[in-house]
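Engineer: Dropping the structure in here first, questions after.
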Amino acid sequence: MSAPLNIILKSFDGPRIRPMLKAAFAGRNIGTCISIVNRNEPAPDIAAARHVWMPANPLRAGQYSNIDWNTIAPLNAELIEKMAHCETMFLAMIERYALNDDIPYAERKRQYLAHLRYWDHLLRTEKIGLYLLNHSPHQCFDLVIYDLCKLRGIPTYLLDRCYNVDGVFLVKDFEKSAEQLLPVMEKLRVEYADQNRQIPLSPSYEEFFTTQTTQMTPAWSPG
């Protein structure tokens with residue numbers, strides 16, 4: 001049997017997600033499964049040797065109140081320099097939490113360095129082998145984890161969605177989203193250059209297309 005895989009799941013909460021995770025990891029040898037979600041709900045239906053729940057709200061606020069920093073190695077200049085791109089994005093991204101006030105630069109920097117130090121420690125000590133997100137990084141701390149994983153060579157995937165039927169696909173790099181679709185689109189463009197040639201669709205997509213092109217009132221319209 002292969003060595004157990006230790007994973008971090010970000011924002012895979014709610015009953016609709018559970019069957020998807022169960023199917024995705026069925027038969028996999030999972031060691032530690034760290035779930036970062038909003039609510040303290042039952043662990044994912046994954047046969048992991050160890051489940052760890054982490055609440056997202058304190059992380060969004062840059063709070064690590066229960067952490068003994070004396071047990072975590074300090075940051076080094078080399079890591080900080082290698083993560084400079086992440087730091088730049090983080091200091092701007094955190095603006096979304098400012099609301100009607102401001103977050104001073106010193107506090108933005110403090111939160112970033114706390115995230116960087118904690119998650120660099122956790123990725124190493126927990127021997128994380130996969131980081132899976134239910135969306136693109138957008139809550140600051142998840143961006144730090146994402147870029148650290150990229151730096152460490154840890155496989156990282158996120159779910160991206162097309163707003164139609166079953167339109168979900170895996171993305172490795174959210175800054176280069178859907179690159180793999182470009183050659184497919186070019187192939188189809190050439191194959192169906194004749195506009196009179198019908199493009200076959202699956203039954204679900206045929207229904208979606210028909211609905212969107214025949215209804216006088218779009219499905220998304222409040223009217």
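Computed from the coordinates by the stated procedures, all read-outs in this text should not be read as laboratory data. Given the structure is predicted, the values throughout are model-derived calculations rather than measurements. Neighbour counts are summed over all protein chains in view; Cβ atoms, including those assigned to glycine, are modelled from backbone coordinates with ideal geometry.
Engineer: On C-alpha positions alone, give me the angle between the axis of helix 181-191 and the longest principal axis of the chain, in degrees, nearest 10.
Structural biologist: 10
Engineer: Determine ³J(HN,Hα), in whole Hz, for all residues of segment 106-122 in sequence, where each value follows from phi through the Karplus function 6.51 cos²θ - 1.76 cosθ + 1.60 and θ = phi - 60°; x replaces Gly and Pro.
Structural biologist: Per-residue couplings from phi come out as 4, 6, 4, 5, 4, 4, 4, 5, 5, 4, 4, 5, 5, 6, 5, 5, 5 Hz.
Engineer: Same structure again: Between their Cα atoms, which of K10/K187; K127/K187; K22/K82; K22/K109; K127/K176 are more than 30 Å away from each other? Present the calculation step by step, with values, prior to reporting the outcome.
Structural biologist: Details: K10/K187 35 Å; K127/K187 41 Å; K22/K82 36 Å; K22/K109 38 Å; K127/K176 27 Å.
Result: K10/K187; K127/K187; K22/K82; K22/K109 exceed 30 Å.
Engineer: Another question about this same structure. Dipole of the chain (Lys/Arg Cβ +1, Asp/Glu Cβ -1, origin at the Cα centre): which of T210, G62, P183 lies farthest to the positive side?
Structural biologist: Highest projection toward the positive end goes to G62.
Engineer: Could you give the size of the charge dipole of the chain about its Cα centre, using +1 on the Cβ of each K and R and -1 on the Cβ of each D and E, expressed in debye and rounded to the nearest 20? The partial results should precede the final answer.
Structural biologist: Numbers: 24 positive and 25 negative charges, 114 e Å.
The dipole of the chain has a size of about 540 debye.
Engineer: Related question: Choose one of I80, H51, L132: the residue whose Cα lies farthest towards the positive end of the charge dipole of segment 5-176 (beta-carbon charges +1 Lys, Arg; -1 Asp, Glu; about the Cα centre).
Structural biologist: My answer, from the dipole projection, is H51.
Engineer: Moving on. Report the relative contact order of segment 28-153, percent, no decimals, based on alpha-carbon pairs under 8 angstrom and at least 6 residues apart. Provide the component values of the computation, followed by the final result.
Structural biologist: Details: 103 pairs, mean separation 30.4, N = 126.
Answer for segment 28-153 is 24 percent.
Engineer: Next question. Once you mark the chymotrypsin sites (Phe, Trp or Tyr not before Pro) that are in a DSSP loop and have at most 13 other Cβ atoms within 10 Å, what is the longest gap between them in the chain?
Structural biologist: Numbers: sites that count: Y163, Y192, W220.
The longest such stretch corresponds to 1-162.
Engineer: As an exercise, identify the GluC sites (Glu not before Pro) in segment 122-223 lying in DSSP coil whose Cβ has no more than 10 other Cβ atoms within 10 Å.
Structural biologist: Details: sites: E126, E175, E179, E186, E191, E206, E207; in loops: E126, E179.
Qualifying residues, ordered by number: E179.
Engineer: Using the scaling law 2.2 N^0.38 Å as the reference, what is the normalised Cα Rg of the chain?
Structural biologist: Numbers: Rg = 21.1 Å, N = 223, 2.2 N^0.38 = 17.2 Å.
With N residues counted in the chain, Rg over 2.2 N^0.38 Å equals 1.23.
Engineer: While we're looking at this one, here's another question. Compute the helix-to-body angle for 84-93: its Cα long axis versus the longest principal axis of the chain, expressed 0 to 90° and rounded to tens.
Structural biologist: In the chain, helix 84-93 runs at an angle near 70 degrees to the longest axis.
Engineer: Also, I was wondering about something else. Per residue of the chain, what 222 nm ellipticity follows from adding -39500 (n - 2.57) for every DSSP H run with n ≥ 4, rounded to the nearest 500?
Structural biologist: Details: 8 runs with 84 residues, N = 223.
It comes out at -11000 deg cm²/dmol, rounded to the nearest 500.
Engineer: While we're on this one: With contacts defined as alpha carbon pairs under 8 Å and 6 or more residues apart, what's the relative contact order of the chain in percent? It would help to have the intermediate numbers written out before the result.
Structural biologist: Working: 248 pairs, mean separation 37.8, N = 223.
Normalised by residue count, the contact order of the chain is 17 percent.
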